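Below is one structure, written out as structure tokens; the observations come after it.
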Amino acid sequence: MKQVAKETILEWAKEVLDIEAEGILDLKNQVDTQFFKAAKILANCNGKIVVVGMGKAGIIGQKFSATLSSIGSSSFWLHAAEAVHGDLGRIEKKDVVVVLSYSGETEEIKNLIPFIRQIGAKMIGVTGNLRSSLAKYSDSVINTKIKREACSLGLAPTTSTTAMLAICDALTVVLQKLKGFKEKDFAFFHPRGSLGRKLLLKVKDIMRRGKYNVIVNEDALIKEVLLKITTAHAGAASIVNKEGKLIGIFTDGDLRRNLEKYPNILKMKVKTVMTTSPIVVKDDDLASEALKVLETNKIDEVPVVDKNFTPVGMLDVQDLIASGIF
């Protein structure tokens with residue numbers, strides 16, 4: 001490899017970005033009635049959105065299909081060459097087929113078009129050649145023509161694939177808005193993503209319960225409470241009255257604050273030193289909302305109660321960290 005100055009390399013990189021940025025900006029003048037028609041076809045699709053492509057355009061198509069699925073539009077990518085070897089059976093009349101091909105004359109694409117038309121599925125062409133076979137037989141054709149490729153030889157798909165990706169993103173976002181797709185809908189299809197956890201995960205899904213949730217009567221001795229807390233590897237205990245309703249919480253902070261004041265504290269009843277009217281969260285609260293409660297009140301744990309104010313769990317900040325909410 002020849003030696004090239006750092007400044008020269010950086011200039012080359014900036015030139016590529018300038019050319020590709022220009023290509024995307026030029027697309028704005030090409031977004032017309034055909035784009036509107038394509039968006040309406042996709043919005044009215046009662047089947048699947050099948051994305052077809054070859055080579056680099058096919059890779060863009062895979063990303064397009066994946067993004068469509070993430071916003072709740074059932075979609076899959078179909079390799080143009082594999083389609084005519086049996087995979088054509090995946091396409092149904094109720095589907096919409098989006099075909100990506102910059103030239104619009106790729107042999108595998110041309111071979112596939114008649115069969116898509118015969119099936120009766122709507123077809124959207126995304127191409128830089130409005131005189132191509134793809135453009136001619138599409139129900140809607142979106143123009144992605146660019147002035148030049150960023151490739152120094154003008155051969156490798158660079159600006160053209162960037163433009164195609166941008167148009168696919170534009171279609172996706174428009175479709176998202178037409179469908180009224182909201183954050184909660186997005187979270188449903190991304191349950192293990194950070195947004196999904198924030199919008200779907202509830203306190204009851206991660207709270208400590210059973211033997212890890214210490215609940216004691218108000219008349220219990222502090223010595224007994226400490227033993228139960230230690231056994232449960234917990235940091236606090238929920239204190240209840242005779243009716244089983246939460247009336248307080250006992251933490252290591254309560255113990256430290258009262259050690260000097262009450263030398264015989266271990267033999268005292270927990271109700272004498274517990275924190276009364278504790279801050280609580282509901283078991284049906286979102287975990288993300290519970291995190292706000294902990295942060296606002298600068299506490300590390302909080303009792304979890306049901307609608308009857310009966311303690312059903314304990315939520316520790318470590319539980320939120322482990323679940324990915326924090």
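Every number in this text was worked out from the coordinates using simple rules, so none of it is lab data. Just so it is clear, the structure is predicted and the values come from calculations on it, not from any experiment. Every residue, glycine as well, gets a Cβ built from its backbone with ideal geometry; the counts of neighbours run over all protein chains shown.
Given charges of +1 on the Cβ of Lys and Arg and -1 on the Cβ of Asp and Glu, with all other atoms neutral, how large is the dipole of the chain about its Cα centre, in debye to the nearest 20? My answer is approximately 640 debye.
When Y137, Y102 are arranged by Cβ crowding within 10 Å, least crowded first, meaning fewest neighbours, the order is Y137, Y102.
Near S138, within a Cβ-to-Cβ distance under 12 Å, what is the net charge of the other residues, with Lys and Arg +1 and Asp and Glu -1? Within the 12 Å Cβ shell, the charges total +3. Less than 5 angstrom separates the built amide H of V312 from those of V304, V305, D306, all sequence-distant by 5 or more or on a different chain. Under 5 Å from the amide H of G248 lie the amide H atoms of I239, each residue being 5 or more positions distant or on a separate chain, with H modelled from the backbone and absent for Pro and chain starts.
The packing ranking, built from the mean of other Cβ atoms within 10 Å per residue, places the peptides 219-227, 126-134, 290-298 in the order 126-134, 219-227, 290-298, highest first. Would you work out if region 11-87 is rounded, prolate or oblate? Take a ≥ b ≥ c from the square roots of the eigenvalues of the alpha-carbon gyration tensor; rounded if a/c is under 1.5, else prolate when a/b is larger than b/c, oblate otherwise. The shape class here is oblate. Name the shape class, rounded, prolate or oblate, that the alpha-carbon gyration tensor gives for region 28-129, where a ≥ b ≥ c are the square roots of its eigenvalues, rounded holds for a/c under 1.5, and otherwise prolate holds if a/b is larger than b/c and oblate otherwise. It comes out rounded by the Cα gyration axes.
Protection proxy ranking, highest mean first, for peptides 45-54, 20-29: 45-54, 20-29, where packing is the per-residue count of other beta-carbon atoms within 10 Å, averaged. Working from label points 7 Å from Cα in the Cα-to-Cβ sense, the E224 to D306 distance is 2.4 nm.
At an R0 of 45 angstrom, the distance between the Cβ atoms of K298 and N29 translates into a FRET efficiency of 0.25. Most tightly packed first, judged by the mean number of other beta-carbon atoms within 10 Å of their residues, the peptides 141-148, 89-96 read 141-148, 89-96.
Estimated at 0.36 nm per residue, the fully extended path between N111 and K94 surpasses their Cα-Cα distance by 4.0 nm. The Cα center of region 204-226 and the Cα center of region 72-108 differ in position by 59 Å. Return one number: the angle in degrees, 0 to 90 and rounded to the nearest 10, between the long axis of the Cα atoms of helix 222-231 and the longest principal axis of the Cα atoms of the chain. That works out to roughly 30 degrees. The angle between the Cα long axis of helix 55-70 and the main principal axis of the chain comes to about 40°, on a 0 to 90 degree scale.
Could you work out the relative contact order of the chain? I mean the mean sequence separation of Cα pairs under 8 Å and 6+ apart, divided by the number of residues, in percent.
The value is 14 percent.
In angstrom, the C-alpha Rg and Dmax of the chain are 30.9, 93. Hey, if you put +1 on the Cβ of every Lys and Arg and -1 on every Asp and Glu Cβ in the chain, which of G86, G55, V305 ends up farthest toward the positive end of that dipole? Farthest towards the positive end: V305.
Placing dummy labels 7 Å off each Cα toward the beta-carbon, the span from L17 to K211 is 5.8 nm.
Subtracting the Cα-Cα distance of V4 and R131 from 0.36 nm times their residue separation leaves 41.5 nm of extension gain.
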